[in-house]
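The structure under discussion appears below in the form of structure tokens.
The values are calculated or read from the model by the stated rules, or taken from the named source; none is laboratory data. Since the model is a prediction, treat every value here as computed from it, not as a measurement. Here Cβ is always computed from backbone atoms with ideal geometry, including for glycine, and neighbour counts include all displayed protein chains.
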Amino acid sequence: MKKHWAYGNYRTEIELTMEDAKSVSHPGPCDDDVAALSKVPYVKEQLDAIDPEQLRSELYEYGSWDDDDLSDHDENLLRWLWLAGGQITEEYPNDED
């Protein structure tokens, strides 16, 4: 199972399979898919290791969320997972697992 890395600006990173990345990066609402992926053991382990302050700083740089939005670490993890899925599918569009 080939995995791809998604990197952030502040050393926040996650490794996902292409199948998992695509599961959270598709047209339409992805919230339920992101929540489900966040519970997959290899993904959850990585999310649990992300420093809350580093993640908040990284997400703030996107300009899409304000300080109030970014006060919930669990929501930030879901935001990051969604962004990571999109980044992986864009960087490796022809790769399959």
Open item on the list: Can you find, within segment 59-86, the residue that is farthest from CYS30 (Cα to Cα) among those that are in a helix (DSSP H, G or I) and at pLDDT below 90?
Closed with: GLU61
- [ ] For segment 9-41, name all the residues that are part of a loop (DSSP other than H, G, I, E, B), more than 11 Å from the chain's Cα centre (by Cα) and not aliphatic (A, V, I, L, M).
- [x] ASN9, TYR10, ARG11, HIS26, PRO27, GLY28, PRO29, CYS30, LYS39
Open item on the list: Condition first: closer than 22 Å to TYR92 by Cβ, without any contact (Cβ under 8 Å) to a residue 40 or more places away in the chain and in contact with a helix residue (DSSP H, G or I) (Cβ under 6 Å, 6 or more places away or on another chain). Now tell me which residues in segment 19-69 satisfy that.
Closed with: ASP33, VAL43, LEU47
